[in-house]
């Protein structure tokens, strides 16, 4: 017997679920387009080499759905959008007018263990600006992220924006703590998962990496102390004066001046992808029931250049629909979302021709109408409309066909009146 369940880590979207998704996507599109961003898309299948180049070994080796197609090509179902959009920009590197402001809302696939906030298939808002090589790009992207949450009705105390610099992180582990590049990369990956690990497990893994690097164990102690720092002012002077942190401080000052006061420095913020080159940022839910990262991004100036063209300064972020929905639910920010159908047109007797005329006229007036000509009892049809949460029922029988009128019933209070089609359309639309 075939199962009625979807593939593990994926979701079915019944109409009521799809309405919520449509609401979320409409808000997202509305906000990013206010900032002048244009929507793009690309194929769901890409060459596996695209991800091998820069996404990171974990993504390629453990999380991609990949296979060899019938032409012998190694392909992958896209696990993220950043390599794809970089390919698109590289394809028109010379003829494009910079800065480019692009966004997309694709579905993505990663083979990983399904858990709260993380599934194998999800949709993700991707927002990228190409061609701005100063912190104004980061400011704009974080302003967009902040605007998104505000437009969903969130208040600044419900989320925190955390920032760091991968340039600073590289200096910290390679130059300051003297780890080789391989060990530094391992530490970065470990710190990226730090808040998901038990403290004793994190410490033992860190000490193991330090020992493999033939450094004294005190280095592990020093790294753990540095990771506790919550304010730039408390960093040792050689770290505090590093040039990369001036960009972080400038960014935070710009954000404060633009009215964003819930932005904080977080030295443990790594962002796991290998392609980030400087500022990175994430938005965290402050609700203890959902204490996790909701979205993140940063600067990745080198990806476009991998396609054999001149590099382009780039900043982008991704916001997944699963984490966004969890955030909206835990903060009770989801509104009651009405069905798309405004009226349920019930055909009484042999009056389908007139009913179809009525429906056509209502649709011209932008009223969404579903016709029921099943011939079931009126009571049963009304129950159907109620179950579907359609606000109005329209009856068309012999008398209505003769008078060119309709009977309009408002299900909320069972009020009923005889109306012309145009007047009925006006009443329905005014009640929305």
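Once R0 is set to 41 Å, what does the formula 1/(1 + (r/R0)^6) return for the Cβ-Cβ distance between residue 45 and residue 334, expressed as a FRET efficiency to the nearest 0.05?
Numbers: r = 33 Å, r/R0 = 0.81.
For R0 = 41 Å, the calculated efficiency reads 0.75.
From the P(r) of segment 237-326, can you give the percent of Cα pairs sitting at distances over 14 Å? Walk me through the numbers before you get to the answer.
Values: 2934 of 4005 pairs.
The calculated P(r) of segment 237-326 puts 73 percent of pairs beyond 14 Å.
Which percent of the Cα-Cα distances in segment 343-430 go past 20 Å? List each step's numbers first, then the result.
On the way: 901 of 3828 pairs.
Of all Cα-Cα distances in segment 343-430, 24 percent exceed 20 Å.
By how many degrees, between 0 and 90 and to the nearest 10, does the Cα long axis of helix 136-151 differ from the longest principal axis of the chain?
40 degrees
Mind checking the angle between helix 181-192 and the chain's longest principal axis? C-alpha axes, 0 to 90 degrees, to the nearest 10.
Computed tilt is about 40 degrees.
Please give, to one decimal in nm, the separation of the simple spin-label points placed at residue 113 and residue 12, each 7 Å out from Cα toward the Cβ.
Roughly 2.7 nm, to one decimal.
Expected output is a single nm value to one decimal: the length gained when fully extending between residue 399 and residue 204, i.e. 0.36 nm times separation in residues minus the C-alpha distance. What is it?
Values: separation 195, 0.36 × 195 = 70.20 nm, distance 8.29 nm.
Additional length available on full extension: 61.9 nm.
Can you give me the distance in nm between label points at residue 363 and residue 246, each placed 7 Å from the Cα along the Cα-to-Cβ direction?
In this crude spin-label approximation the distance works out to 6.4 nm.
Does anything in segment 286-321 have its amide N under 19 Å from the 7 Å Cα→Cβ label point of residue 65, and if so which residues?
Output list for this probe position: 320-321.
What per residue convex hull volume, in Å³, comes out for segment 118-194 when only alpha-carbon positions are used? Intermediate results must be reported in sequence, preceding the final value.
Numbers: hull volume 13.4 nm³, N = 77.
Cα convex hull per residue, to the nearest whole number: 175 Å³.
Need one number: nm distance between label points at residue 413 and residue 155, each 7 Å from Cα along Cα→Cβ, rounded to one decimal.
3.4 nm
Starting from the Cα gyration tensor of segment 18-120, take the square roots of the eigenvalues, sort them a ≥ b ≥ c, and report rounded, prolate or oblate (rounded when a/c is under 1.5, otherwise prolate if a/b is larger than b/c, else oblate).
Numbers: a/c = 2.23, a/b = 1.20, b/c = 1.86.
Cα axes put segment 18-120 in the oblate bin.
Using a Gaussian network model of the chain with C-alpha springs under 10 Å, which one of 366, 64, 323 is most mobile by mean-square fluctuation?
366
Quick check for you: which residues of segment 104-140 have the amide N under 20 Å from the point 7 Å beyond the Cα of residue 192 toward its beta carbon?
108-128
Quick one: what Rg and Dmax do you get for segment 155-276 from the alpha carbons, in Å?
Rg then Dmax for segment 155-276, in Å: 15.1, 48.
Any chance you could give the angle, 0 to 90 degrees and rounded to 10, that helix 82-91 forms with the longest Cα principal axis of the chain?
So the inclination is approximately 90 degrees.
Assuming R0 = 56 Å, can you tell me the calculated FRET efficiency for the pair residue 4 and residue 175, based on Cβ-Cβ distance, to the nearest 0.05?
On the way: r = 57 Å, r/R0 = 1.02.
Once rounded, the FRET efficiency stands at 0.45.
Take the alpha-carbon centre of segment 279-349, take the same for segment 26-52, and report the distance between them in whole Å.
12 Å
How many angstrom lie between the Cα centre of segment 104-124 and the Cα centre of segment 245-269?
After rounding, the separation between the Cα centres reads 29 Å.
Kindly identify segment 276-358 as rounded, prolate or oblate by the Cα gyration tensor criterion: order the square roots of the eigenvalues as a ≥ b ≥ c, call it rounded if a/c is under 1.5, otherwise compare a/b with b/c, prolate if a/b is larger, else oblate. Don't jump to the answer; show the numbers that get you there.
On the way: a/c = 7.03, a/b = 1.98, b/c = 3.56.
Because a/c hits 1.5 or more and a/b fails to exceed b/c, segment 276-358 counts as oblate.
Per q in 0.10, 0.11, 0.14 Å⁻¹, report the Debye log10 I(q)/I(0) for segment 15-330, using one uniform scatterer on each alpha carbon and no solvent.
Here the Debye-derived log intensity ratios amount to -0.58, -0.72, -1.20.
Rule-based calculations on the coordinates, nothing more; no lab input. Predicted model, so just to flag it, every value in this text is computed and none were measured. We place every Cβ from the backbone using ideal geometry, glycine too, and count neighbours over all the protein chains shown.
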